[in-house]
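Working notes, beginning with the structure itself.
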Amino acid sequence: MGFATRWLSEKALFPELFRDKPCDNTGIIVVIPAYDEPDIATVLDSLASCSRPGCSAEVIIIVNLRKDAGRQAILNHRKSIENIEDWKKKNASCFFRLFHYDAGSPAVKNWGVGLARKTGMDEALRRFDAAGNPDGIIVCLDADCTVKENYFTAIEKEFLNRRKAGACSLYFEHPVEDDPASVSAFYGIILYELHLRYYVGALRAVQYPYAFHTVGSAMAVRAREYMRAGGMNRREAGEDFYFIQKLVPSGRYFSLNSTTVYPSPRQSHRVPFGTGATMGKLAGDAEQQYYTYNLDAFRELQWLFSLKEDLFSSGKREAERMYDKFPPGLRYFTDRDEWLVKLEEIRSNTAGYESFCKRFFGWFNMFRIVRFMNSVHDGIHERRPVVRAACDLLRHTGHDLIPDDALQLLKYYRQLDRESQ
């Protein structure tokens, strides 16, 4: 029995998908869900152009259909499979082994990207189980992405250098043009990516310990860590966000910034939110404006997080006095009784400051932060154009030279992200 055999028997949706056994030194398996992706060869060409890693590598594509798929999506489904098989024949000498599974439209409730990703990741776990490699790396990518040439080698090196690391977010950049004449065509994706980087940058600035990007096409996890987290969820959208939130509290999560994933900036209606859906909305906005969270809301979180030591050592009366001093957004969002009960529960179940902080941020986690942000921007704070908000954050964190346009701001934030750990 392998290290994951029992787990797979209890939690995997499907039996073994591929009969070909993995190489003994298989170390990286890239999983790609593909729905309505006739141009699947683009991502395969990009992967094949990468430098070969020291370990054996595999790519698993889960080609799937929704129950409500239209005629064109059904035709594209067949075309995807044909193109994968044709690509495999033409690239027989490629350094990675390529597998694909035609999931069709399974009789599984809520089938979508979460279940497609889970199917591929569970199969990757099964193959690492067969190879006896619990440290094997399962990498998530999307069918409309391309990658930097050092994609495989950087992943291999970073995980080898971080033996205790369990999972990571990979650095990403949406393709945009530097030519001023072309900026307008990419303005929507510039604003959206700036929002993503502003949000994570603001969380880092207020000392939130689990501030990581949550992009489904740019994350990786060791096989054993995948098991510890319970595997990928079945959500039809946002599966990446929920999965990563199960990984980061371990302290074994990191940002891998030495390579790059290039997600597509295309419009898409595959899921109700995210890059594709946002591009569709911005395309219909004549002013091309994206509104994001107000920095004042993050300042309230900073005020709260700065009280960690006092919260650890305080009693009920001190906690009551702290609540009375809550800034308006925190008071609007947080019920007094909930605050006092939760704080007492956290204190009574921790012996030291470090464990107190871990339990506190287990309560005031990313899910709660998102709820806080959405709540206070309905009743307390006003959302701001993302360019203004991004400039506000740079001033707040002491940056002197602040770019004055969206593209230059995005480049600045990208550099800050590349320098983060």
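Residues of the stretch 37-57 that are surrounded by fewer than 23 Cβ atoms within 10 Å (Cβ to Cβ), over 15 Å from THR146 (Cα atoms) and touching a residue at least 60 places away in the same chain (Cβ under 8 Å): ARG52, PRO53, GLY54, CYS55. Filtering ASP129, ASP135, ASP144 for residues that are touching a strand residue (DSSP E or B) at 6+ places or on another chain (Cβ under 6 Å), under 27 Å from ALA12 (Cβ atoms), of a type in the set (D, E, K, R) and touching a residue at least 24 places away in the same chain (Cβ under 8 Å) leaves a single hit, ASP135. Please enumerate the residues belonging to the stretch 363-394 that are touching a strand residue (DSSP E or B) at 6+ places or on another chain (Cβ under 6 Å) and in a helix (DSSP H, G or I). The answer is VAL386, ALA389.
Hey, which of the helices (runs of 4 or more DSSP H) in the stretch 287-362, taking only ones fully inside, have at least 2 residues that are acidic (Asp, Glu)? If you could, list the steps in order and put the result at the bottom.
On the way: elements: 295-305, 308-313, 316-324, 328-333, 336-348.
Qualifying helices (runs of 4 or more DSSP H): 295-305, 308-313, 316-324, 336-348.
Screening GLY231 against (1) at pLDDT below 95; (2) of a type outside the set (A, V, I, L, M, F, W, C); (3) within 15 Å of the chain's Cα centre (by Cα) leaves a single unmet condition, (1). Of everything in the stretch 390-406 that is buried (at least 17 other Cβ atoms within 10 Å of the Cβ) and of a type in the set (A, V, I, L, M), the residue that is farthest from GLN289 (Cα to Cα) is LEU394.
Answer yes or no as to whether GLU382 is of a type in the set (Asp, Glu) and either closer than 21 Å to SER306 by Cβ or touching a residue at least 60 places away in the same chain (Cβ under 8 Å) (or both).
Numbers: of a type in the set (Asp, Glu): yes; either closer than 21 Å to SER306 by Cβ or touching a residue at least 60 places away in the same chain (Cβ under 8 Å) (or both): yes.
So GLU382 passes the test.
The values are calculated or read from the model by the stated rules, or taken from the named source; none is laboratory data. Treat the numbers as computed from the prediction; the structure is a model and nothing was measured. Note: ideal-geometry Cβ built from the backbone for every residue, glycine included; neighbour counts use all protein chains shown.
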